[in-house]
Amino acid sequence: MLSCEQEDFKWCAATLSDLEGPFYFLRNYVAEKSGFLQKPPEIIRRPLRDGLSLDARRHAYGSFEIRLRSPAGIVGRYDGHINRAMGSFVLGCISISASEWLVDSYRRQGLGDLMRDAAEEIMGLPAVPHGRNFVHGVLSCPAAKSWSKRAASRNVHGFASDPALEIRKNLAMKNEAILERRRSVLPLASARHLAHIAGWDITIAELNGRPISGWATSPDGVPASPTGIICEGALVRDIIKVWRLQDEEIDQLVTVQYPAVTAIERLKGMRGETERDTEFAKSTLALYQGGSFPMPVSDLSGPSFPIGHNHPALGSKNHQT
């Protein structure tokens, strides 16, 4: 499995040709964004109606702030920055996004759009909502309605029907699923809860005899997590990386699959399940029972490590079987 990475942009591909498109995008994105980051600071001030005024400031390194002022003080803000790479890939262009605040008595007067317009003017880039199309952040319901209203009267990237954008978005979602399956593992407390409620076996990764990680195994032998089927080999490599085994005195790293009752006993000294742990367990069970597990991704990162065997961790001194 090949990959390219920059900032928040991480892309995995099975072949070099599959990686070419994302690589060229990333190269062009970095070059284009660099030009915007080199722009000097700038301030725009203009009066509005009813004693209101608007200040727009572009700062160094791609950030900006917009202030809406009344004689009594600040009544609106729109502060943000240039969007990162993954959102730009999906949208097909570099854009900006921001967090917005407006005093209630000034809402539904078009002032939010005026602040977005000012941000676009001073940055020279289109404004888009965060929390959509892989742009970071969370979009509230009121903000979503405001952006939909804006999109009805002008072009807002990501709102109109765009087959190319949908293709890029689907590719990004599949890529994110691969990355998630490479790094995601059910917390041991979640796996233990699955053993309690469904009787699933648990595979425990033990470092020098101490449980450090693990995952639940469905009745048909599939390693599973809330995101679906996981790649056992990739998880073991993540464990090795996280625990920096090459820098420690290691006697043994081993994964052992335990029946539910034995696993519960093995993990009885662990902390109790948190709400997040139980939710992970329930969502994994629901995914399995609904028949919604995706097919496992082939060749995620090389050969798998068989359950019940020691693993060739860097620095390991003992690989007994």
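Would you please put 107-113, 124-130 in order of how densely packed they are, using the mean number of other Cβ atoms within 10 angstrom per residue and starting with the highest? Provide the component values of the computation, followed by the final result.
Numbers: 107-113: 15.3, 124-130: 20.9.
Most protected by this proxy first, the peptides run 124-130, 107-113.
Label Ala31 and Gln109 with points 7 Å out from Cα along Cα→Cβ: what is the distance between them in nm?
4.6
Rank these residues by their accessible area, most exposed first, probe 1.4 Å: Arg132, Arg45.
Greatest to least solvent exposure: Arg45, Arg132.
What order do Phe280, Phe89, Phe9 take when sorted by accessible area (1.4 Å probe), most exposed first? Spell out each step's value before the answer.
Values: Phe280 60, Phe89 20, Phe9 0 Å².
From most accessible down to least: Phe280, Phe89, Phe9.
Roughly how many percent of the accessible protein surface of the range 1-102 is carbon and sulfur, given a 1.4 Å probe and a whole-percent answer?
52
Going by amide H atoms built from the backbone, whose H comes under 5 Å of the H on Asn83, apart from near neighbours?
Ser95, Ile96, Ser97
Any idea what the dipole of the range 28-69 comes to, in debye rounded to 20, about its Cα centre with Lys/Arg Cβ at +1 and Asp/Glu Cβ at -1?
Dipole of the range 28-69, to the nearest 20 debye: 140 debye.
For the range 68-176, with every protein chain kept in place, what is the accessible area per residue (1.4 Å probe, Å²)?
On the way: 5320 Å² over 109 residues.
On a per-residue basis, the range 68-176 sits at 49 Å².
When each pair of different Cα atoms in the range 17-82 is counted once in the 1/r mean, what is the Kirkwood radius in angstroms, to one decimal?
Values: mean 1/r = 0.0703 Å⁻¹.
About 14.2 Å for the range 17-82.
Can you give the Kirkwood hydrodynamic radius of the range 14-123 from its Cα pairs, in Å with one decimal? Each step should come with its number before you reach the end.
Values: mean 1/r = 0.0643 Å⁻¹.
The answer is 15.6 Å.
For the range 36-43, just list the computed ³J(HN,Hα) in residue order, Karplus coefficients 6.51, -1.76 and 1.60, θ = phi - 60°, integers in Hz, with x standing in for Gly and Pro.
For the range 36-43, the Karplus curve yields 5, 5, 7, 5, x, x, 8, 10 Hz.
Would you work out the charge dipole size for the range 1-110 about its Cα centre, treating the Cβ of every Lys and Arg as +1 and the Cβ of every Asp and Glu as -1, and quote it to the nearest 20 debye?
600
Please report, in Å, the Rg and the Dmax of the range 71-139, where both are computed over Cα atoms only.
According to the Cα coordinates of the range 71-139, Rg and Dmax are 12.9, 42 Å.
The values are calculated or read from the model by the stated rules, or taken from the named source; none is laboratory data. A quick note: this is a predicted structure, and the numbers were derived from the prediction, not measured. Here the Cβ is made from the backbone with ideal geometry for all residues, glycine too, and neighbour counts use every protein chain on show. Areas reflect the complete protein model, heavy atoms only, side chains present, ligands, DNA and RNA absent. Shrake-Rupley method; radii C 1.70, N 1.55, O 1.52, S 1.80 Å.
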